[in-house]
Amino acid sequence: AKARGDSLICLLLSSALSGTYQSACIARDICGYDQVYVVDSTLAIIALRAMLDLGEQLRDQGLSAPEIVEKIEQAKGRMRVFGIVDTLEYLHKGGRMSTSVAIVGSLLKVKPVIALKNGALGLVSKGVGSRGSLSAMLKVVGDEITPDPRLPIYYGYTDHDGLCRQFIAEMEAKFGPHPHEVYSVGSVIGTHLGPGGAIIAYLDKA
């Protein structure tokens, strides 16, 4: 990018979950090029994908790199990210969930509902079995959703998409159909979440 005189925006995994952001800041400083913009998305997986899609739209509209960064900084706090995991065991082993929270989840023997907020993961609800966990996540989502029309609703799954597809059906039954995309969560983050997970992310309308 420096050799070509291009502007480069690095939209990266939440600094609360990974050292990628800090490493990129060091690399930017080493290269000594002021057209490199490093952004802590405070997000992960499909929510980060949403911000990348938004950035691409803004670029295609002709906005400059600083303008795109400003818009993304304004939007990232409006991302809503919730997920069901089969167990908190993997998040705890990977250092992404405190021991106390993981122990409570394990003792209750339930499927936890987690949320990504302010860059960190937290336990927000729980349900017994797949049926109970879906109901719990629908309650966490709330009685109304107002997705930004520029982006679809993003759904993700780990290992297999059975629970994710059930959740999509529940969402459409409750809120009606919305444009959506479904993605497999990558192996790195998927290792931390564990198999059998279902995730939703959407940009709330301003």
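The values are calculated or read from the model by the stated rules, or taken from the named source; none is laboratory data. This one's a predicted model, so the numbers in the text were calculated from it and none came from an experiment. Because the Cβ atoms are built from the backbone with ideal geometry, glycine has one as well, and the counts that use them run over all protein chains shown. Note: accessible area is taken over every heavy atom of the protein model, side chains too, but ligands, DNA and RNA are not part of it. Shrake-Rupley method; radii C 1.70, N 1.55, O 1.52, S 1.80 Å.
Considering helices alone, the calculated mean residue ellipticity of the chain at 222 nm is -13000 deg cm²/dmol, with DSSP H runs of length four and up weighted by -39500 (n - 2.57) and normalised per residue. Within the stretch 68-87, find all residues whose amide N lies under 17 Å from a label point positioned 7 Å from the Cα of Thr146 along Cα-to-beta-carbon. Residues passing the 17 Å test: 75-81.
Taking the chain as a Gaussian network of alpha-carbon nodes connected by springs under 10 Å, the highest mean-square fluctuation of the residues Tyr21, Tyr154, Tyr33 belongs to Tyr33. Legend: residue pairs Lys139/Lys174; Lys117/Lys205; Lys71/Lys139; Lys2/Lys71, Cα-Cα distance threshold 19 Å; pairs beyond threshold, Lys71/Lys139; Lys2/Lys71. Tell me whether the chain comes out rounded, prolate or oblate; compute the Cα gyration tensor, take square roots of the eigenvalues as a ≥ b ≥ c, and use a/c under 1.5 as the rounded threshold. Oblate is the answer for the chain, as a/c is 1.5 or above yet b/c matches or exceeds a/b. Computed over protein heavy atoms with a 1.4 Å probe, the carbon and sulfur contribution to the accessible area of the chain reaches 53%. Filter the chain for me: DSSP H helices, axial length by Cα at least 15 angstrom, mean Kyte-Doolittle hydropathy not below 0.5. List them by residue number. Span-like helices, by this rule, are 129-141.
Across Ser41, Ser135, Ser23, mean-square fluctuation computed from a Gaussian network of the chain (C-alpha pairs under 10 Å connected) peaks at Ser23. Each of Gly5, Phe175, Val113 was scored by the projection of its Cα onto the charge dipole of the chain, and the greatest displacement toward the positive side belongs to Val113; charges sit on the C-beta of Lys, Arg, Asp and Glu. Taking all Cα pairs closer than 8 Å and separated by 6 or more residues, the relative contact order of the chain comes to 23 percent.
A simple count of charges around His178, restricted to other residues whose Cβ falls under 14 Å of its Cβ and scoring Lys, Arg +1 and Asp, Glu -1, yields -2. In this Cβ point-charge picture (+1 for Lys and Arg, -1 for Asp and Glu), the chain has a dipole of about 540 debye about its Cα centre. Judged by the ratio a/c of the largest to the smallest principal axis of the C-alpha gyration tensor, the stretch 22-69 counts as oblate, that ratio being 1.5 or greater while a/b is no larger than b/c. Gln61 sits among other residues whose Cβ lies under 14 Å from its own Cβ, and their net charge, with Lys and Arg +1 and Asp and Glu -1, is -2.
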